[in-house]
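Enquirer: Structure provided below as structure tokens; questions to follow.
The values are calculated or read from the model by the stated rules, or taken from the named source; none is laboratory data. As the structure is a computational prediction, the values presented were derived from the model and not from experiment. Every residue, glycine as well, gets a Cβ built from its backbone with ideal geometry; the counts of neighbours run over all protein chains shown. The area values use the complete protein model at the heavy-atom level, side chains included, leaving out ligands, DNA and RNA. Shrake-Rupley method; radii C 1.70, N 1.55, O 1.52, S 1.80 Å.
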Amino acid sequence: MSITQTLAGFSASIRLAALPPPVVERARFLLLDLVGNIVRARHDAESTPAFLAATRALGLAAGSTGVFGDASRYTPAGAAFLNGALAHSLDFDDTHAAASLHPGAPVIPAALAAGEMAGASGAEVLAAIIAGYEVTCRVALALPAGEHYNRGFHPTATCGAFGAASAAARVFNLSPDAIASALGIALSQSAGSLQFLANGAWTKRFQVGWAAMNGLAAATMAREGVKGAAEAIEGKHGFLNAYAPAPKPERAVKDLGEKFELMQTAVKPYPSCRYGHAGIDAALALRAELQLRPEEIEAVTYGISNAGMLLVGLPPEKKKNPENVVDGQFSGPFVISCALATGAMGWDSYRKLHDPVIRALLPKVRCEHDAEIEAEFPRNMSGRISLSVRGERFVKKVVVPKGEPGNFLSKAELRAKFAGLTDAVLGAERAARLADAVLAIDRAPDVASLVRLASPQLSARLAGD
């Protein structure tokens, strides 16, 4: 059986009752985390008004499918796009280190939109989400993702389209052959570029939402009988051979159904590129241990992997002068300066982009390749902070950043993150009820009621309103 057919067969056959309980529990946690991101991004991400306006202009706003944090209703395609783009707008969504991507943002919105289209139960949608995570991560591992990155692709969008298609197709209860056809249709839509790094473009968010919509469209077309390309993943002109120079196709199906890549997915404690998180952890620890004042800091070096340097360290002159939120999210110097200066790195930290204390620290922070940290990659997104202060040098190495599978957030920590994102939009009581409902999705007769719980208070001011 081909790799595409194997992934399609796995997606078609997955059943929640047959899955290991830890996998089901982790999927609920990841869903909770993504919903919190969507609600807050709908409220105040700076790109949201433009996305909403474009969605309306394209005729995607007149429907009955929900967007978290929004009282309006959209077409299924419009809801998949907006939920996906919003999920990725804060850069606070989940990550998979070895696959170098964010699996939840393209997969979950496609599954939820399909669930509303089909009137599917929460258990069916959650099973589909798990299938989508596996397909997204495994396709990325087979590239492998590092080679794909070096070509300028954004794996969350390119690989996410396949996971989104698998998830939506599973919700529609399609056959293995039909899901393989959906993957062939997704192949024609797989796109996403890292060129957003040049100017902090919102295309980073857009292309992830578009991948969610593409996956939903691919599954819908397959459901209606559209024939997709065969061998979409491994074929001569398929995804792996076209998008990377030396793919390893066998990785896509190794231990499929036995080892779940979803369990290797991390949750972010900070709303920035994951490659900066080890540095934030180390900076916060050193700040507390030494009771640092910003003006005492003489120099900071952040040692990271080559992949990390590409995203948060280079070019150094740009990383030391972030001009907008996206710049800040991908600036090692900025996130480390925030942690050292304020003792925190949260969504509201981006209001301090031009804070004089942080601006004074930025030139003192240097990112460099660290061979010892490189040896940990891609297993871990590790980092090392070397800090010169009071005439002494202090070093803190973080191998497993907070939120990684080996250092995962507790249920209480996940709910605290969710509350921090949603209370301001929904009110604390409604946000807590939404969290309860999300964590009990496998017992819900349908998913539409869950989305309705995420409508904001009348007094909340939403972006684009």
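Enquirer: Where the eigenvalues come from the Cα gyration tensor of region 179-245, what are the semi-axes √(5λ) of the equivalent ellipsoid, largest first, in whole Å?
Expert: 25, 17, 5
Enquirer: Can you give the accessible area per residue of region 93-186, in Å², using a 1.4 Å probe?
Expert: That works out to 16 Å² per residue.
Enquirer: On to the next question. Hey, what's region 276-414 come to in accessible area per residue, 1.4 Å probe, Å²?
Expert: Computed with neighbouring chains in place, this is 41 Å² per residue.
Enquirer: Further question on the same structure: Compute the angle between helix 277-290 and the longest alpha-carbon principal axis of the chain, please, reported from 0 to 90 degrees and rounded to the nearest 10.
Expert: In the chain, helix 277-290 runs at an angle near 40 degrees to the longest axis.
Enquirer: Once you have a ≥ b ≥ c as the square roots of the Cα gyration tensor eigenvalues for region 4-52, tell me rounded if a/c is under 1.5, and otherwise prolate or oblate according to whether a/b is larger than b/c. Could you put the intermediate results ahead of the total?
Expert: Numbers: a/c = 5.17, a/b = 1.93, b/c = 2.68.
It is oblate, given that a/c is not under 1.5 and a/b is not larger than b/c.
Enquirer: Which of the aspartates and glutamates could a cross-linker bridge to LYS227, judged by Cα under 16 Å and excluding same-chain residues fewer than eight apart?
Expert: Those aspartates and glutamates meeting the cut-off are ASP177.
Enquirer: With no solvent and one point per C-alpha, what does the Debye sum give as log10 I(q)/I(0) for region 306-390 at q = 0.16, 0.21, 0.22 Å⁻¹?
Expert: Log-scaled intensity ratios, in q order: -0.61, -1.00, -1.08.
Enquirer: Turning to a different aspect of this structure: With every protein chain in place, what's the accessible area of MET309 (1.4 Å probe, Å², nearest 10)?
Expert: 20
Enquirer: How much net charge surrounds ARG205 when only the other residues with a Cβ under 11 Å from the Cβ of ARG205 are counted, with Lys and Arg +1 and Asp and Glu -1?
Expert: So the surrounding residues net to -2.
Enquirer: If you look for lysine pairs in region 245-386 that are eight or more places apart or on different chains, how many of them have Cα atoms under 15 Å apart? If you can, show how the numbers build up before the last one.
Expert: Details: LYS318/LYS364; LYS319/LYS364; LYS320/LYS352; LYS320/LYS364.
The number of close lysine pairs in region 245-386 is 4.
Enquirer: Could you give the distance between the Cα centres of region 142-193 and region 1-53, to the whole Å?
Expert: Value for the Cα centre distance between the two parts: 14 Å.
Enquirer: With +1 on the Cβ of every Lys and Arg and -1 on the Cβ of every Asp and Glu, and nothing else charged, how large is the dipole of region 226-276 about its Cα centre, in debye rounded to the nearest 20?
Expert: With Lys and Arg at +1 and Asp and Glu at -1, about 180 debye.
Enquirer: How do the peptides 199-209, 398-408, 284-294 rank, highest first, by the average count of neighbouring beta carbon atoms within 10 Å per residue? Don't skip to the end; give the middle numbers.
Expert: Values: 199-209: 21.9, 398-408: 19.6, 284-294: 15.0.
Order by mean packing, descending: 199-209, 398-408, 284-294.
Enquirer: Can you pull the Rg over Rh of the chain, Cα-only, Kirkwood?
Expert: 0.97
Enquirer: Let me ask you something else. Taking the Cβ of CYS273 as the center, what net charge do the other residues with Cβ under 12 Å away carry, scoring Lys and Arg +1 and Asp and Glu -1?
Expert: Numbers: positive: LYS204, LYS268, ARG274, LYS319; negative: ASP91, ASP93, ASP327.
Neighbour charge sum, excluding CYS273 itself: +1.
Enquirer: Using alpha-carbon positions, what is the distance between the centroids of region 263-314 and region 315-388, in Å?
Expert: 6
Enquirer: Then there is this: Taking the Cβ of ALA140 as the center, what net charge do the other residues with Cβ under 10 Å away carry, scoring Lys and Arg +1 and Asp and Glu -1?
Expert: So the surrounding residues net to +1.
Enquirer: Using Cα pairs closer than 8 Å and at least 6 residues apart in sequence, work out the relative contact order for the chain, in percent. Don't jump to the answer; show the numbers that get you there.
Expert: Numbers: 1020 pairs, mean separation 99.3, N = 465.
About 21 percent, as a whole number.
Enquirer: In region 272-323, if the dipole is taken from +1 on Lys/Arg beta carbons and -1 on Asp/Glu beta carbons about the Cα centre, which of GLY313, ILE297, LEU284 is farthest to the positive end?
Expert: Checked the options; the winner is GLY313.
Enquirer: How are the alpha carbon pair distances in region 1-97 distributed across 10 Å bins from zero to the largest one, expressed in percent?
Expert: 15, 33, 30, 20, 2
Enquirer: Ignoring ligands, DNA and RNA, how do TRP210, TRP347 rank by accessible area with a 1.4 Å probe, largest first?
Expert: Output order, biggest surface exposure first: TRP210, TRP347.
Enquirer: Carbon and sulfur: what percent of region 135-287's accessible surface (1.4 Å probe)?
Expert: So the carbon and sulfur contribution to the accessible surface is 52 percent.
Enquirer: Could you give the size of the charge dipole of the chain about its Cα centre, using +1 on the Cβ of each K and R and -1 on the Cβ of each D and E, expressed in debye and rounded to the nearest 20?
Expert: 280
Enquirer: Extension gain ARG293-PHE394, at 0.36 nm per residue separation less the Cα-Cα distance, in nm?
Expert: 34.9 nm
Enquirer: Going out from 0 in 5 Å bins, what whole percent of all Cα-Cα distances in region 203-294 drops into each bin?
Expert: 2, 9, 9, 11, 18, 17, 10, 7, 5, 5, 3, 2, 1
Enquirer: Further question on the same structure: Quick one: P(r) of region 278-429 from all Cα-Cα pairs, 10 Å bins, percents rounded to integers, in order of increasing distance.
Expert: 11, 39, 36, 13, 2, 0
Enquirer: Average projected area of the Cα convex hull of region 79-218, in nm²?
Expert: Averaged projected area of region 79-218's Cα convex hull equals 7.4 nm².
Enquirer: Just to verify a number: FRET efficiency for LEU58 and GLN195, C-beta to C-beta distance, R0 = 25 Å, to 0.05?
Expert: 0.65
Enquirer: Rounded, prolate or oblate: which fits region 38-144, taking a ≥ b ≥ c as square roots of the Cα gyration tensor eigenvalues, rounded meaning a/c under 1.5, else prolate when a/b beats b/c?
Expert: Working: a/c = 2.16, a/b = 1.34, b/c = 1.61.
Verdict is oblate for region 38-144.
Enquirer: With the Cα gyration tensor of region 85-137 giving a ≥ b ≥ c as the square roots of its eigenvalues, does the rule (a/c under 1.5 for rounded; else a/b larger than b/c for prolate; else oblate) give rounded, prolate or oblate?
Expert: oblate
Enquirer: Rounded to two decimals, what is Rg over Rh for region 364-447 when you use alpha-carbon atoms and the Kirkwood radius? Don't skip to the end; give the middle numbers.
Expert: Numbers: Rg = 19.7 Å, Rh = 16.6 Å.
So for region 364-447, dividing Rg by the Kirkwood Rh gives 1.19.
Enquirer: What figure in square angstrom, to the nearest 10, would you give for the accessible area of HIS43 with a 1.4 Å probe?
Expert: Answer for HIS43: close to 40 Å² accessible.
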